Structure formats: structure tokens, C-alpha cells
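What follows is one structure encoded as C-alpha cells, with my remarks underneath.
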Amino acid sequence: MTAPESEPAIKPSHPPAAHDEDALALLRDGRLEVAGRLVEATNMTLYCSVKLGAKSAACVYKPVRGERPLWDFPDGTLAAREVAAFEVSQATGWRIVPPTVYRDGPFGPGMCQLWIDTEREIDLMRLVKSRNPVVRRMAVFDAVVNNADRKGGHLLPLPTGHVYGVDHGVCFSAEDKLRTVLWQWRGKPLAREAVAVLAKLERDIESGSLGRRLRELLTLAEVEATWHRVRKLLDTGVHPYPSEGWPAIPWPPI
């Protein structure tokens, strides 16, 4: 079936096998070598290579010591929030967030995430405004993790049709802070797939391994708020509307 002309020619697909345990082991245990710095990033973001035996990959390393203080998030918590976002991503089965671990590095402990090479031919603005079902999954994911900064540039489309999301350091606040460029589904009924995934998340946060893992990375109040957001999505059955007490779109949007 050909996608409508107004949509990117991109469909839901299984992401590459980079999400397997080998990738996580490489990120966790490999030797990090800093190759450069991404100067446009707000916090210290280092482009690195990671090597373990014969295996190697490019990755992003964000040390806690390079995090800038924020008025609305506790100091030194952004790396753990990135890892928490990965844990939720894995629990959904959608694998939105690239493999991510918390580990020590050349500048101390921080977040280490697999580098993703993107499909450069895709128009990001068009993708952001699309009704792409892969991006719709991301809108649901962002509502769950309470993403306060979903810019268009945080979407990483692949030639396979998969779309990753990155930069989740300002997620999981106990207060409503959802700020995103993906509002095209606001008030629309959730897809049946999303409802099934949310039901699983609710159970897994309340009494499963995901809840235990999130309590290692976040405060108890933040974990409870995550559960309540999932419950609210299930109760309403629709994508959320923007909050009246918080800017709806991040700046810059891309």
C-alpha cells in the first residue's frame, strides 16, 4: 500500500538488532574514548567510540558533571532520566530509545547511548507534521514519560522506516510538563496497539520489573506519577491535550 502523498513514505517496522544484549554489554563494559564534542547540545555531550574485544561502535556520552542546573529538575539527575526513558521504551516493545546505559567514563558517571546514523533524505519538518504511525507511537511514549522537550531534531529516522527518539533528560517530572511538536493526535482515540501496550505498562510499573528499575533511577513520586499518567491515558482512551499551565511546544521546535 502506497502512503498518501502528504505522508512520508515510511511505515512501522522492526528496528535494527542494535537493541540486543550485545549492544548493551558493549556500552556497559567497553572502553570509552572521546573523539569530540557536540557543541550545539545544552549539556556536555561527547561523541565517543566504545570498544570491547573485537566489537566497537560509536556512542554518545553525557557525564553528570557536564549537566547544567535546571530550575525544575534536581541537579545531577538527567543521565538517570535518559536511562529510565530507555527502560520504558524497552517495556513498550517499540524500542523508541537507542540502547542506553548508566556507566562510568573519562569524566565520571553518566549516560552512554548508541550513536544512530539517520536517513538524511527525509524532511524532518514533514515527518514531524505527518500522521506516521511510528511517530504516533512516539507521541504516546512522550505522554507516558512526560517529555518536556520533544523537538523535531530529536527524531532520528532510519532508511528501514524506524524512527528513534533521543534526548530524554527532562522527562519524568511529577508535574505535568509535556511539551512536544507532536500534537497532531491530540484528543484522537488511541490506537488499539497503544491501549494494549499501556495496559502492559500499567501492570509492569505497579508490580513488575519496570517499576523496580524505575525506582532505582527516579524518585518514588516520579514513578507514581508515571503510573498515573498511564492510567489516565487508559481511562480517557485518547491522546492528551496540551496543558494550559505549560508551554505546549519547545523552542526552538526543531
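I need to check one value: relative contact order of the chain, counting alpha carbon pairs closer than 8 Å and at least 6 residues apart, in percent.
The value is 19 percent.
Show me, for region 185-190, the HN-Hα J-couplings you get by feeding each phi into the Karplus relation (A = 6.51, B = -1.76, C = 1.60, θ = phi - 60°), rounded to Hz, glycine and proline as x.
9, 3, x, 7, x, 5
Is there a quick way to get the dipole size of region 145-230? I mean about its Cα centre, with the Cβ of Lys and Arg at +1 and of Asp and Glu at -1; what is the value in debye to the nearest 20?
The dipole of region 145-230 has a size of about 280 debye.
Relative contact order of region 142-254: what whole-number percent is it, with Cα pairs under 8 angstrom and at least 6 residues apart?
Dividing the mean separation by the residue count of region 142-254 yields 40 percent.
Please identify the helices of the chain, taking whole runs of DSSP H, that span at least 20 Å along their own axis as judged from the Cα atoms and have a mean Kyte-Doolittle score of 1.0 or higher.
none
Note down the relative contact order for region 71-190 as a percent, whole number, built from C-alpha pairs under 8 angstrom at least six residues apart.
29 percent
Can you tell me the dipole magnitude for the chain around its Cα centre, using point charges on the Cβ only (Lys, Arg +1; Asp, Glu -1), in Debye to the nearest 20?
It works out to roughly 260 debye.
What number comes out for accessible area per residue over region 79-233 if the probe is 1.4 Å? Units Å², please.
Each residue of region 79-233 exposes 40 Å² on average to a 1.4 Å probe.
Treating cross-link reach as a plain straight distance, find the lysines whose alpha-carbon is under 18 Å from the alpha-carbon of K62, omitting any fewer than eight places away in the same chain.
Candidates past the 8-residue exclusion: K51.
Between P240, N147, A174, whose Cα lies farthest towards the positive end of the dipole of the chain when Lys and Arg beta carbons carry +1 and Asp and Glu beta carbons carry -1, centred on the Cα centre?
P240
Calculate for the chain the 222 nm mean residue ellipticity that helices alone would give, adding -39,500 (n - 2.57) per DSSP H run of length 4 or more and normalising by residue count, nearest 500 deg cm²/dmol.
Calculated from helices alone, the mean residue ellipticity at 222 nm is -10500 deg cm²/dmol.
What pairs in K129/K232; K151/K188; K55/K200 have C-alpha atoms more than 31 Å from each other?
K55/K200
In square angstrom, what is the accessible area per residue of region 21-68 with a 1.4 angstrom probe?
Heavy-atom accessible area per residue stands at 58 Å².
Among A191, W227, W251, flag the residue with its Cα farthest along the positive direction of the charge dipole of region 173-254, charges on Cβ as +1 for Lys/Arg and -1 for Asp/Glu.
Ranked along the dipole, the leading option is A191.
Express the carbon and sulfur contribution to the solvent-accessible surface of the chain as a percent, rounded to the nearest whole number, probe 1.4 angstrom.
Looking at the chain in its full context, I get 53 percent from C and S.
The values are calculated or read from the model by the stated rules, or taken from the named source; none is laboratory data. Note that the structure is a prediction, hence the values are computed from the model and not measured. Backbone-built Cβ (ideal geometry, glycine too); neighbour counts: all protein chains shown. Surface areas here come from the heavy atoms of the whole protein model, side chains and all, with no ligands, DNA or RNA. Shrake-Rupley method; radii C 1.70, N 1.55, O 1.52, S 1.80 Å.
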